[in-house]
1. How far apart, in nanometres, would the label points at R150 and E55 be if each is projected 7 angstrom from Cα along the Cα-to-Cβ direction?
2. Sort K152, K62, K78 by accessible area with a 1.4 Å probe, largest first.
3. Spin-label point model (7 Å from Cα, Cβ direction): what's the E86 to K46 distance in nm?
4. Can you tell me which lysines have their Cα less than 30 Å from the Cα of K53? Leave out same-chain residues fewer than eight positions away.
5. Multiply the residue gap between Q135 and K32 by 0.36 nm, knock off their C-alpha separation, and tell me the result in nm, one decimal place.
6. Ranked from the most accessible area to the least, with a 1.4 Å probe and all protein chains present, what is the order of D146, D28?
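The values are calculated or read from the model by the stated rules, or taken from the named source; none is laboratory data. Computed from a predicted model, the values in this text were never measured in an experiment. So basically every Cβ, Gly included, is an ideal-geometry build from the backbone, and we count neighbours across all protein chains shown. SASA here: full protein model, heavy atoms, side chains in, ligands and nucleic acids out. Shrake-Rupley method; radii C 1.70, N 1.55, O 1.52, S 1.80 Å.
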Amino acid sequence: MPSSFSRLALLAALSLSFAAGTALAGPDEAIKLRQENFKTIGKATKEMGAMAKGEATFDLAKVKEQLAIIQAAFQSNKDNKVFAPENQTGTVETWAKPEIWTNPEGVAAASSKLGAALKAMAAVTDEASFKTAFQDMGGACKGCHDDFRRPKDQ
């Protein structure tokens, strides 16, 4: 029988996949979906971060489950085209910088860096390789935040 974490990861992946199969009604819906996906990513990253800092016991199965959640959320953003030009603004507040739409080469580079980091995370087999891969993944996330996301208080 799958663990509760496995069921949670499967449920998250299925719910994100379901969202990918529906047409978004407009920019507000796209903004809300991308924000929800990034909250999901943040929660999964936080769980892995506790392991990386030694605040929680390293558990390879949990790492793989959280990684699956992250990958499903990123795929949902891609499948739903939440960063399409027509979804740049709406009535819902967004923290995306205009550069995400005006610098496609930068976005592609950031996406490629994150893809490589997620691939490395998928290959971890022990705590040491996890800590290295987690640091690289965090760096890829930070780079994207620095370039394409404004702070919420601005």
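1. It is 2.9 nm.
2. Greatest to least solvent exposure: K78, K152, K62.
3. That separation, rounded to one decimal, is 3.5 nm.
4. Straight-distance partners of K53: K39, K43, K62, K64, K113, K119, K131, K142, K152.
5. 34.3 nm
6. D146, D28
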